[in-house]
Ligand code: ADP
Ligand code: MG
């Protein structure tokens, strides 16, 4: 993490759902995040991370309170844990059991590489809770991904195309999803995934939290965000209103 950590507080802006600037709650240290399971806080410290990055410091409190969030921050600012950890905390709190409920968190990812990285981070920080994650992306055998899904997973990290293949085949259920994450939403739109994303959205429970992360904030991205988020808070790190 570079940008996130070096960003000063005056480069952070948080807007409430009416777009009014607010003085938002911030977790300056991992100990402030005491609503996370203890195992998670220990994992963060043993990873050698000195403190939450800016995007984490501001999105964790909002995520834990169940708010929809738009996070706008550069690559390398620690967005993965910004969305994974509130999702883990909610699954713990609701005693989410994949064998009964299916996956509780769905992360949509633009590329196979990103899906794999996110899966690795979810395994690393979920292991201490007994949480499993499976990644679903094209260019790899469906059978392996399906076999791992069937063992029960708390988190699915998926590229939209492959996930739709599984949905159309009736192989994956999404009715237990509590937290939906669109990661690198701007890139997913650039890559033409919007129709695929909309198909997936139609299968998700209406009562859910949605976290929307993007590095840029052009018109098309705003439009999608306005349609799928429910009174979101906006967290902007650095001068990213572009
Ligand atoms: P982004 O999604 O914003 O591009 P990542 O979530 O991929 O960023 O994080 C980039 C790297 O920083 C990863 O290796 C991750 O493990 C690490 N990282 C995450 N949070 C912190 C933190 N609070 N302090 C230091 N490093 C961190
Ligand atoms: Mg990322």
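The values are calculated or read from the model by the stated rules, or taken from the named source; none is laboratory data. The shown structure was predicted, so the numbers you read here are calculated from the model rather than taken from an experiment. Glycine also receives a Cβ, built like all others from the backbone with ideal geometry; neighbour counts cover every protein chain displayed.
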All-but-one check, residue 44 against (1) away from ligand 2 (no atom under 16 Å from the Cβ); (2) in a loop (DSSP other than H, G, I, E, B); (3) modelled with pLDDT under 95; (4) in contact with a helix residue (DSSP H, G or I) (Cβ under 9 Å, 6 or more places away or on another chain), failing number (2)
Residues of segment 18-41 being within 19 Å of the chain's Cα centre (by Cα) and part of a loop (DSSP other than H, G, I, E, B), which ones? 26, 27, 33, 35, 36, 37
Counting only residues that are more than 16 Å from ligand 1 (Cβ to nearest atom), part of a loop (DSSP other than H, G, I, E, B) and under 15 Å from residue 106 (Cβ atoms), how many does segment 176-205 have? 8
Test set (1) more than 19 Å from residue 101 (Cα to Cα); (2) more than 16 Å from ligand 1 (Cβ to nearest atom); (3) out of contact with any helix residue (DSSP H, G or I) (no Cβ under 8 Å at 6 or more places or on another chain); (4) touching a residue at least 24 places away in the same chain (Cβ under 8 Å) - residue 140 fails condition number: (3)
For segment 56-74, check the following and say yes or no: at least one residue is part of a helix (DSSP H, G or I), farther than 30 Å from residue 166 by Cα and within 15 Å of ligand 2 (Cβ to nearest atom). yes
Would you point out the residue of segment 104-131, among those that are away from ligand 1 (no atom under 14 Å from the Cβ) and closer than 16 Å to residue 177 by Cα, that is surrounded by the fewest Cβ atoms within 10 Å (Cβ to Cβ)? 131
Determine whether segment 36-51 contains at least one residue that is within 24 Å of residue 221 (Cβ to Cβ), surrounded by 17 or more Cβ atoms within 10 Å (Cβ to Cβ) and either more than 8 Å from ligand 1 (Cβ to nearest atom) or touching a residue at least 40 places away in the same chain (Cβ under 8 Å) (or both). no
Restricted to segment 52-78, and to residues that are over 17 Å from residue 122 (Cβ atoms) and without any contact (Cβ under 8 Å) to a residue 60 or more places away in the chain, which residue is surrounded by the fewest Cβ atoms within 10 Å (Cβ to Cβ)? 65
Would you pick out the residues in segment 185-242 that are surrounded by fewer than 14 Cβ atoms within 10 Å (Cβ to Cβ) and more than 25 Å from residue 171 (Cα to Cα)? 218, 219, 220, 222, 223, 226, 227, 230, 231, 239, 241, 242
Can you find a residue in segment 87-102 that is under 21 Å from residue 210 (Cα atoms), in contact (Cβ under 8 Å) with a residue 12 or more places away in the chain, in a helix (DSSP H, G or I) and within 16 Å of ligand 2 (Cβ to nearest atom)? yes
I'm trying to understand the selection: among the residues of segment 103-115, which are within 16 Å of ligand 2 (Cβ to nearest atom) and either in a loop (DSSP other than H, G, I, E, B) or within 17 Å of residue 35 (Cα to Cα) (or both)? 109, 110, 111
